[in-house]
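Since the structure comes first, as structure tokens, the remarks are kept for the end.
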Amino acid sequence: MSKYQSVRGTRDLLPALKKTFRSIEAKAYNAAQNYGFKEIETPIFEFSDVFHRSLGETSDAVSKETYTFADRGGDSITLRPEGTAGVVRAFVSEGLAQHNPNKLYYYGPMFRYERPQKGRYRQFYQFGVEVLGLENPQADVEVLDLAWRILNEIGLGGKVTLEINTLGDQVDRKAYRDALVQYLTPLKDQLSEDSKVRLEKNPMRILDSKDEGDKKLVAGAPKMDAFLSETSKAFFKAVTDGLSELKIPFQVNPKLVRGLDYYCHTVFEFVTTELGAQGTVLAGGRYDGLVETLGGQKTPGVGWASGVDRLADLCELNQALQVPAKTPIAIISLGDKALVSGLKIASALRAQNKYCEVFMTGNFKKKLEKANKLNTEKAVLLFEQENGEIEYKIKDFKTGEEKPASFEDCLKI
């Protein structure tokens, strides 16, 4: 075994897994475009302030998980731990607000230095969407409809549950935060070590603590809905009414808060029980104050991101959801001149968006056996004659029948 291994928390996407990734990406791209979203790609790294200001210094992603370093010019650089902040930075710095609303989607690797475990990697992949410039609750409904569409397109609709909650506006959230701190402060000594830190920095995160002791303590905590304004209640009702109208099943989870500081109003997660502790496969919400944080004008926003690694793991767990292999047309030749002619046929067929496999090694019998293992249904057989001419045949692997053919016939297979 080589002494060189992949870095802990990273993995190679070998061909079989990459095929699943590519299928998920393709279905997500197609669905996003059908909803009027346009693709954007931002750099893998940004000035650290882009993430530290947008995510909040108290969020786990900044306080414990970012890959941050000084480059040769002395600037503090951070590998992106999520996609939203970079998209919003581009929205501000590239002047996209002139063309609001902006409906954008992205795909790419993200980086977080966290404890590797099943379904959680230090380099992971996300597909995400952002809507900037729309403040009505129907925008939240549309992005959730798109999420539900994609999950169904890849065959996972029956494997996930949509959980949704409201955090109210910034005023509601602050009032609730203060009440939560007042309730938890006398209980501080009973909290887990992580929750003791969060009590000082980000107390709402304690609500979704996985620690059993924390869960018992927060069971008696004040409820968010008692602090919602009538406007916030109406906003959330419009979202849930829209989901019901579109027949998207959901459950209201009053303990759902999301980990990043910029969320307000609607927050949501699609979760599954099939991946153990790492059950969230898609999550997001509304972030109406984020653009201002990064120096832009007041601009409402809503979006989500999905972990493609976890979607792929779900597909792998459910055999029926796996991506069917594309069946190749086999090009099997006897003789070097026949091989060159076979490459010419394969190139023409590939230009027609057909998958061709040209077998270059082994004797004729071995090539046929290899083609059969790939579940080939049809093959072009090429035989170089003594006079230099090429004899062509088309073979049907299902029936075993071989028919003489011309070069032109082979291009229409």
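Readers should treat all values here as calculations from the given coordinates under stated rules, not as data from a laboratory. Model, not experiment: these values are computed from the prediction. Heads up, the Cβs are rebuilt from the backbone with ideal geometry, glycines too, and the neighbour counts pull from every protein chain shown.
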Handout entry: Counted charge near TYR392, where neighbours are those whose Cβ lies closer than 14 Å (Asp, Glu -1; Lys, Arg +1)
Key = +1
Handout entry: HN-Hα J in Hz across region 282-288 - Karplus 6.51, -1.76, 1.60, θ = phi - 60°, x for Gly and Pro
Key = 7, 7, x, x, 9, 9, 5
Completion exercise
Phi angles of region 327-342, converted by Karplus (6.51 cos²θ - 1.76 cosθ + 1.60, θ = phi - 60°) into ³J(HN,Hα) in whole Hz with x for Gly and Pro, give 7, x, 8, 8, 10, 10, 10, 10, x, 5, 5, 5, 5, 5, 5, x
Practice task
For region 129-186, build the convex hull from the C-alpha positions and give me its volume per residue in Å³.
Solution key: 122
Exercise for the section: Take ILE44, ILE77 and order them by how many other Cβ atoms sit within 10 Å, fewest up front. Expected result: ILE44, ILE77
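List the relative contact order of region 80-132 as a percent without decimals, with contacts defined as Cα pairs under 8 Å and 6+ residues apart.
Details: 66 pairs, mean separation 21.3, N = 53.
Relative CO of region 80-132 lands at 40 percent.
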Practice task
Fewest Cβ neighbours within 10 Å first, please rank TYR263, TYR67 accordingly.
Solution key: TYR67, TYR263
Handout entry: Helix 364-373 vs. the chain, principal-axis angle (Cα, 0 to 90°, nearest 10)
Key = 30
Completion exercise
Of LYS393, LYS216, LYS365, the most mobile residue in a GNM of the chain (C-alpha springs, cutoff 10 Å) is LYS365
Exercise for the section: Please tell me which of these pairs span more than 31 angstrom C-alpha to C-alpha: LYS366/LYS412; LYS174/LYS210; LYS3/LYS118; LYS201/LYS247; LYS27/LYS196; LYS337/LYS373? Expected result: LYS201/LYS247; LYS27/LYS196
Handout entry: Within the chain, helix-based [θ] at 222 nm, where runs of 4 or more DSSP H residues each add -39,500 (n - 2.57), nearest 500
Key = -11000 deg cm²/dmol
Exercise for the section: Could you point to the residue in PRO81, GLY342, HIS52 farthest towards the positive end of the chain's charge dipole, with +1 and -1 charges on the Cβ of Lys/Arg and Asp/Glu respectively? Expected result: GLY342
Completion exercise
Sorted by chain and then number, the residues having a modelled amide H within less than 5 Å of the amide H of THR266, at least 5 places away or on another chain, are LEU167, ARG286
Exercise for the section: Grab the eigenvalues of the alpha-carbon gyration tensor for the chain, scale each by 5, take roots, and send me the semi-axes largest first in whole angstrom. Expected result: 52, 23, 21
Exercise for the section: Using the 2.2 N^0.38 Å rule of thumb for compact globular proteins, work out how region 329-410 stacks up: its C-alpha Rg over that value, please. Expected result: 0.99
Fill in the blank from the handout: Which residues qualify? For GLN126, with a placed amide H closer than 5 Å and at least 5 residues away or on another chain, they are GLY108, MET110, VAL308
Problem - On Cα atoms only, tilt of 230-245 relative to the major axis of the chain in degrees - result: 30
Practice task
Only Lys, Arg, Asp and Glu count, each charged at its Cβ (+1, +1, -1, -1), so figure out the dipole size of region 329-410 about its Cα centre, rounded to 20 debye.
Solution key: 420
Practice task
Go through region 246-255 residue by residue and turn each phi into a ³J(HN,Hα) via Karplus (6.51, -1.76, 1.60, θ = phi - 60°); whole Hz please, and just put x for glycine and proline.
Solution key: 8, 6, 9, x, 8, 10, 7, 10, x, 9
Completion exercise
Per GNM of the chain with C-alpha springs under 10 angstrom, the most fluctuating residue out of ARG122, ARG112, ARG350 is ARG350
Fill in the blank from the handout: Checking LEU246, LEU13, LEU374 against a Gaussian network model of the chain (alpha-carbon springs below 10 Å), the top fluctuating residue turns out to be LEU374
Problem - Calculated FRET value between LYS216 and THR68, using beta carbons and R₀ = 45 Å, to 0.05 - result: 0.80
Completion exercise
Whole-Å distance linking the alpha carbon centroid of region 379-407 with that of region 73-145 is 53
Practice task
May I ask you to sort PHE124, PHE270, PHE250, PHE364 by Cβ crowding, counting other Cβ atoms within 10 Å and putting the fewest first?
Solution key: PHE364, PHE250, PHE124, PHE270
Fill in the blank from the handout: Computed about the Cα centre, the charge dipole of the chain from +1 Lys/Arg and -1 Asp/Glu charges at the Cβ has a magnitude in debye, to the nearest 20, of 1020
